[in-house]
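Structure, as structure tokens:
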Amino acid sequence: MENKYSYVSLITTNVYLPPFITMLYSFLQTKPKYPMLVLVSREISEENRAIIKGFGVDILEVPLLKPAGIDISQTNYNNLDIPTFHPCLSKLHIFNLTQFDKVIYIDGDMLLLQNIDELFDAPDLSAVPDLGWVKNCKQFNAGLMVVKPDKARFQQLLDIIQTYSGQQSWLDAVGNMVNNLDDQQVLYKLFTDWPTKQELHLSSVYNMQINYLQRSPIFPEIFKKIKVLHMSCSIRPWLYETPDEFGKDCSKWLSFNAFAIYNWYGQLINGCIQLLINLGYKSENLKKLSSIFY
Ligand SMILES: [Mn+2]
């Protein structure tokens, strides 16, 4: 019998639709051999679900995964200023999708530049080592993951959320004190031996984080090889009203290389926002997005 494979992504707030649709559009441009399933939380409006489905993908509603102690009935999930609320934890639902033999998870802030169907041949828990955020950290970046869903493992991840959610801060995988319970922190607690499993370490072309590019001496050669670009830092082009405003913030810390790519991505997103508005998308306060990192 043929294996059941699917790409999966996640959206939990309506304001995240523009970058999400930009990812989806770029994904479909690569002519993937397998379908995409979009996980949505109940906060995603009917109108926005219809827009997502209009791209020919399936959607599946999932409950939000969150640290303990938050009253769901009192929470406005589009208000991302709640410090203890971490929508990215809901990404862990991918481990529960046992209707599939294997899934490839893709973050909504990614851009697909080339087809990546070959990753379905990669082993369970393949991902790209995350060398950017902490020196010598050999753990993975959870923006793109190859996962074989497994209910027992999903339960283990839920248990970890429960265990750590009551705490103010704890030691992360490399010994730093952190106070945010995000998807990566939870995954690192379970997959502690990942750094030593070389066979799971994918090439960085499958998850090239934008802030790495400014340090790359071989740019632009490497850009031609990149398959998936990850806008994984705090400057998000869609948060700015004008290119000038955006440029001012970028020039503080991004190299010209990264700025050029960011600017190009910003224009792509703006095009998608226009398309979405034509499809009936209500433009909300995009600046609310600044605290989302998935
Ligand atoms: Mn991301």
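The stretch between Glu47 and Lys138, if pulled fully straight at 0.36 nm per residue, gains 28.6 nm over its current Cα-Cα span. Using 0.36 nm per residue and subtracting the Cα-Cα separation, the extra length available between Leu190 and Gln155 on full extension is 11.5 nm.
Each of Lys225, Lys91 has some number of other Cβ atoms within 10 Å of its Cβ, and from fewest to most they run Lys225, Lys91. Lys197 sits among other residues whose Cβ lies under 15 Å from its own Cβ, and their net charge, with Lys and Arg +1 and Asp and Glu -1, is -2.
Please give me the summed charge of the neighbours of Tyr5: other residues whose Cβ is under 14 Å from its Cβ, Lys and Arg +1, Asp and Glu -1. Net charge in that neighbourhood comes out at -3. The Lys225 and Leu279 beta-carbon pair, evaluated with R₀ = 25 Å, returns a calculated FRET efficiency of approximately 0.15. Summing charges over all other residues whose Cβ lies under 12 Å from the Cβ of Leu144, with Lys and Arg as +1 and Asp and Glu as -1, gives -1.
Fewest neighbouring Cβ atoms within 10 Å first, the residues His230, His93, His201 line up as His201, His93, His230. Pairs with C-alpha atoms separated by more than 26 Å, drawn from the list Lys189/Lys225; Lys4/Lys227; Lys31/Lys102, are Lys189/Lys225. Under 1.5 on a/c is rounded, so check that first for the range 1-71, then, if it is not, pick prolate when a/b is larger than b/c and oblate when it is not; a ≥ b ≥ c are the square roots of the alpha carbon gyration tensor eigenvalues. Oblate, because a/c is 1.5 or more while a/b does not exceed b/c. Ranked for footprinting exposure by Cβ neighbours inside 10 Å, fewest first, Asp159, Asp182, Asp121, Asp107 give Asp121, Asp159, Asp182, Asp107.
A short reminder: the numbers here are calculations on the coordinates, not readings from a lab. Everything numeric in this text was worked out from a predicted model, so none of it was measured. Don't worry about glycine lacking a Cβ; one is built from the backbone with ideal geometry, like all the others, and counts go over all protein chains shown.
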